[in-house]
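First up is the structure itself, then whatever we jot down about it.
The values are calculated or read from the model by the stated rules, or taken from the named source; none is laboratory data. Treat the numbers as computed from the prediction; the structure is a model and nothing was measured. All Cβ positions, glycine included, derive from the backbone under ideal geometry; neighbour counts span all protein chains shown. With ligands, DNA and RNA removed, areas are computed over all heavy atoms of the protein, side chains included. Shrake-Rupley method; radii C 1.70, N 1.55, O 1.52, S 1.80 Å.
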Amino acid sequence: MINNESFRALGIIGNPLKQSLSPYLHNYWIRQYKISSYYLPLSIKRITHIKRSLKTLNFLGLNVTIPYKKKIIQQLDSIDKSAKVINAVNTLLYKNNNIKGYNTDIIGFKKGLINKKWDKERPVIIFGAGGAAEAIVYFLKSENIKDITIINRTKNNAEKIIKRYESIKFKHKAEEYIKEAGLIINTTSLGMIGYPDLNLKLNKVNKEAIIYDIVYNPVNTNLIKEAKKNKLTTITGLEMFIEQARESFSIWFNIQPKVNDKLITNIKRSINR
Ligand code: ATR
């Protein structure tokens with residue numbers, strides 16, 4: 001419901017934005033809760049003068065995605081603690097001429113694990129060493145997880161994360177030891193539409209293991225299919241995506257929006273289009 005007096009815009013900035021699902025999701029909730037707002041996809045080539053733009057165009061906040069999650073930080077007035085540690089933000093709140101940055105990806109990842117039985121004593125295996133892996137390592141360390149191994153193509157990238165934390169191991173390949181893992185997480189681009197598959201065989205993995213793929217396009221990646229074939233518990237990137245969006249929405253409006261089956265079906269449909 002648009003009310004010109006109280007209207008505050010929202011949006012996502014990134015480049016390229018291609019087919020981000022955030023506008024669909026946030027506009028659905030904006031309508032559902034009858035809020036005077038609209039969420040726009042903003043594919044931009046530069047991020048200069050963010051505050052001036054937010055002020056002039058009457059924005060309440062933004063989501064920030066690739067490649068600006070780190071670059072935007074120098075333009076913020078304040079930053080939430082966890083976002084500061086991992087040096088990446090995905091949500092901005094513009095209030096009283098002050099821009100504050102948050103990282104709701106971490107909360108999204110954590111909420112994906114809620115209600116899943118997870119043996120924290122077992123090793124955690126993380127595929128990939130980019131920004132998402134860094135945020136996940138931060139979360140796992142805050143949960144006191146002792147045994148973490150990063151598997152990545154480029155050792156250098158893994159070392160950038162490893163040197164900031166104690167006792168994380170690095171491997172080039174997933175060897176036999178993934179058998180004992182309690183949690184196996186894919187944070188690489190492998191499995192995403194347009195990329196090759198991760199191609200991990202899970203038949204020897206213990207039945208307690210949870211397979212968490214943060215890729216959401218497609219939802220049923222090759223890794224998720226392999227996990228289901230082996231009767232392992234799975235968490236898809238769609239669950240994490242929805243949870244990070246709910247958290248951003250609550251930062252802007254102080255409402256934890258509801259998720260129903262119809263919404264999930266519609267999102268899946270738009271992913272498969
Ligand atoms: P994000 O910030 O979303 O985590 P990113 O920083 O681009 O994204 O990280 C992508 C991850 O996917 C990296 O770990 C990357 O491996 P490298 O560090 O070796 O670049 C991994 N990745 C991407 N394409 C890959 C491929 N074809 N094979 C193996 N790993 C790949």
Q) Over the chain, what relative contact order in percent results from Cα pairs under 8 Å that are six or more residues apart? A) 15 percent
Q | Span from the segment 154-219 Cα centroid across to the segment 76-102 one, whole angstrom | A | 29 Å
**Q.** Listed residue (101, 90, 59) projecting farthest to the positive dipole end of segment 6-109, Cβ model
**A.** 59
(Q) Per residue, how much accessible surface does the chain expose to a 1.4 Å probe? Answer in Å², no decimals. (A) 52 Å²
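Given the peptides 173-180, 28-35, 184-191, 82-89, arrange them by the average over their residues of other C-beta atoms within 10 Å, most packed first. List each step's numbers first, then the result.
Numbers: 173-180: 13.2, 28-35: 16.1, 184-191: 23.4, 82-89: 20.2.
Ranking the peptides 173-180, 28-35, 184-191, 82-89 by packing returns 184-191, 82-89, 28-35, 173-180.
Mind checking the dipole of the chain: about its Cα centre, +1 per Lys or Arg Cβ, -1 per Asp or Glu Cβ, Debye to the nearest 20?
Numbers: 46 positive and 22 negative charges, 86 e Å.
Taking the Cα centre of the chain as origin, the dipole is about 420 debye.
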Q | Dmax and Rg, reported as Rg then Dmax, of segment 10-67 (C-alpha, Å) | A | 11.7, 33
Q) Expressed as a rounded percentage, what relative contact order does segment 33-114 have, with Cα pairs under 8 Å and six or more residues apart? A) 26 percent
Q) Measuring from label point to label point, each 7 Å out along Cα→Cβ, what is the residue 78 to residue 52 span in nm? A) 2.5 nm
Q | Alpha-carbon spread of segment 56-176, three principal axes, descending order, Å | A | 57, 34, 20
Q) Rg to Rh for segment 183-273: what is it, with Cα atoms only and Rh by Kirkwood? A) 1.02
**Q.** Label point distance in nm, residue 70-residue 121, each placed 7 Å from Cα along Cα→Cβ
**A.** 3.8 nm
Q) If you take the Cα Rg of segment 107-238 and divide it by 2.2 N^0.38 Å, with N the number of residues, what do you get? A) 0.95
Q: Just need the relative contact order of segment 131-273 here, percent rounded to a whole number, with Cα pairs under 8 Å and 6+ apart.
A: 15 percent
Q.
Which one, 43, 126, 193, projects farthest toward the positive side of the charge dipole computed for the chain from Cβ point charges (K/R +1, D/E -1)?
A. 43
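Treating only the Cβ atoms of Lys and Arg (+1) and Asp and Glu (-1) as charged, compute the dipole magnitude of segment 107-238 about its Cα centre; round to the nearest 20 debye. Walk me through the numbers before you get to the answer.
Details: 24 positive and 14 negative charges, 24 e Å.
Once rounded to the nearest 20, the dipole reads 120 debye.
With the cut-off at 1.5 for a/c, could you classify segment 9-108 from its C-alpha gyration tensor as rounded, prolate or oblate?
Details: a/c = 1.35, a/b = 1.28, b/c = 1.06.
Rounded shape, in that the Cα axes give a/c under 1.5.
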Q) Rounded to whole Å and sorted largest first, what semi-axes of the equivalent ellipsoid does the C-alpha gyration tensor of the chain yield via the square root of 5 times each eigenvalue? A) 33, 21, 16
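Helix-derived [θ] at 222 nm for the chain: sum -39500 (n - 2.57) over DSSP H runs of at least 4, divide by residue count, nearest 500?
-10000 deg cm²/dmol
Quick check: at a probe of 1.4 Å, how many percent of the accessible area of segment 107-238 sits on carbon and sulfur atoms? Let's see the in-between values first.
Values: 3290 of 6680 Å².
Carbon and sulfur together cover 49 percent of it.
Quick one: divide the alpha-carbon radius of gyration of segment 141-188 by 2.2 N^0.38 Å and tell me what you get.
Numbers: Rg = 10.8 Å, N = 48, 2.2 N^0.38 = 9.6 Å.
Ratio of Cα Rg to 2.2 N^0.38 Å: 1.13.
Calculated FRET efficiency, residue 163 and residue 268, Cβ-Cβ r, R0 45 Å, to nearest 0.05? Don't skip to the answer; put the middle values down first.
On the way: r = 39 Å, r/R0 = 0.87.
So, using R0 = 45 Å, E works out to roughly 0.70.
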